[in-house]
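Below: the structure, in structure tokens.
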Amino acid sequence: FEKYKKFVSNNKVYIGYNMRFNPILLQVKKLIGNKKVWSINLVCSSFLPFWRSRNYTKVYSSSKKYGGGVLLDLSHEIDYLQWIFGKIKIDNVFNKKISNLKISSDDYLSLLGSIGNKTRFNLELNYFSKYPMRRMLIEGNHISLDVNLIKKQIFINEKNKQKKLKVPKFSRNFSYIKMHESILKQKRENLCNLEEGLKLMKLIDYIRKK
């Protein structure tokens, strides 16, 4: 981080991890608070050819050379995992292209690891599923959540009864708008700053080399 300071000393630099402004994740972060979490299962799956209205083999996501691949494209999941729960420690990595998609980039990532002394996590990302999913299952002491970011739902289990929590309605671009408003208003609470972004890139490089 120190070697970058001279380039940004007169500027405020933020990284565009807009999921930090997603109302569902903001609510989850508040619900978690200081509760002890035992396990987190996080899945983000999608089908790359459905992403954009053009030939998927021609977009940067399909090219390892141009920085494509789930590890970089879907690093939002790694960012908000740490933003909500704390710094992760990785025990096991599997990151490769395993499908028949006509791409040179990685289309699958599996991370197993821990957060602190008690919390275990399992994170899985892929480009090849025709069943879109962006979901977290969180289990802990006095906390049990099923979080569905695509359906915009949070279910909580209290006293062995499942309850659907009320969440605000919001548009697809809401998190982007709120992120940019925070930058303009200098409200830095949920923004990803340069130091956090560089630490995440260091973690991504570590994953890539494993």
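Since every read-out is calculated from the coordinates, none of them should be taken as a lab result. All of these numbers come straight from a predicted model, not from anything done at the bench. Every residue, glycine among them, receives a Cβ derived from its backbone with ideal geometry; neighbour counts consider all protein chains shown.
With the charge dipole of region 1-122 set up from +1 on Lys and Arg Cβ and -1 on Asp and Glu Cβ about the Cα centre, the Cα lying farthest toward the positive end among the listed residues LEU101, PHE85, LEU42 is that of PHE85. For the chain, a Gaussian network of Cα nodes joined below 10 Å ranks VAL93, VAL43, VAL167 by mean-square fluctuation, and the top entry is VAL167. Dipole check for the chain: with +1 at the C-beta of Lys and Arg, -1 at the C-beta of Asp and Glu, and the Cα centre as origin, the magnitude is about 340 Debye. Converting phi to 3J(HN,Hα) with the Karplus coefficients 6.51, -1.76 and 1.60 and the offset θ = phi - 60°, region 49-59 yields x, 8, 5, 9, 7, 7, 4, 4, 6, 9, 8 Hz in sequence order, with x at every glycine or proline. Amide H contacts under 5 Å for VAL13: LEU194, restricted to partners 5 or more places along the chain or on a different chain, H placed in the peptide plane at 1.01 Å from N. Scaling against 2.2 N^0.38 Å puts the C-alpha radius of gyration of the chain at 1.06. For the cross-link pairs LYS65/LYS210; LYS89/LYS210; LYS163/LYS187, which exceed 25 Å when the distance is taken from alpha carbon to alpha carbon? Correct reply: LYS163/LYS187. A straight Cα-to-Cα reach below 17 Å connects LYS164 with the aspartates and glutamates GLU139, ASP146, residues fewer than 8 places away in its own chain not being considered.
Averaging sequence separations of C-alpha pairs under 8 Å and six or more residues apart, then dividing by the length of region 26-121, give the relative contact order as a whole percent. Value for region 26-121: 30 percent. For region 89-210, what does the convex hull of the Cα positions come to per residue, in cubic angstrom? Cα convex hull per residue, to the nearest whole number: 183 Å³. Cα convex hull, region 8-75: 186 Å³ per residue, rounded to a whole number. Between the residues PHE155, MET179, ASN190, the greatest Cα displacement towards the positive end of the dipole of region 152-202, with unit charges on the Cβ of Lys, Arg, Asp and Glu, is found for PHE155. Karplus-derived 3J(HN,Hα) values for region 160-167, using 6.51 cos²θ - 1.76 cosθ + 1.60 with θ = phi - 60°, are 6, 10, 8, 10, 8, 7, 7, 10 Hz; glycine and proline are entered as x.
Once the other residues with Cβ under 13 Å from the Cβ of TYR60 are scored (Lys, Arg +1; Asp, Glu -1), what is the net sum?
+4
Peptides 16-23, 55-62, ordered by how many other C-beta atoms sit within 10 Å of their residues on average, highest first, read 16-23, 55-62.
Coupling constants for region 82-99 follow from the phi torsions by the Karplus curve (6.51 cos²θ - 1.76 cosθ + 1.60, θ = phi - 60°), and in residue order they are 6, 4, 7, 10, x, 4, 9, 10, 9, 9, 9, 10, 9, 9, 8, 8, 10, 9 Hz; glycine and proline get x. Return the whole-Å distance between the Cα centroid of region 28-42 and the Cα centroid of region 75-140. Cα centroid of region 28-42 versus Cα centroid of region 75-140: 16 Å apart.
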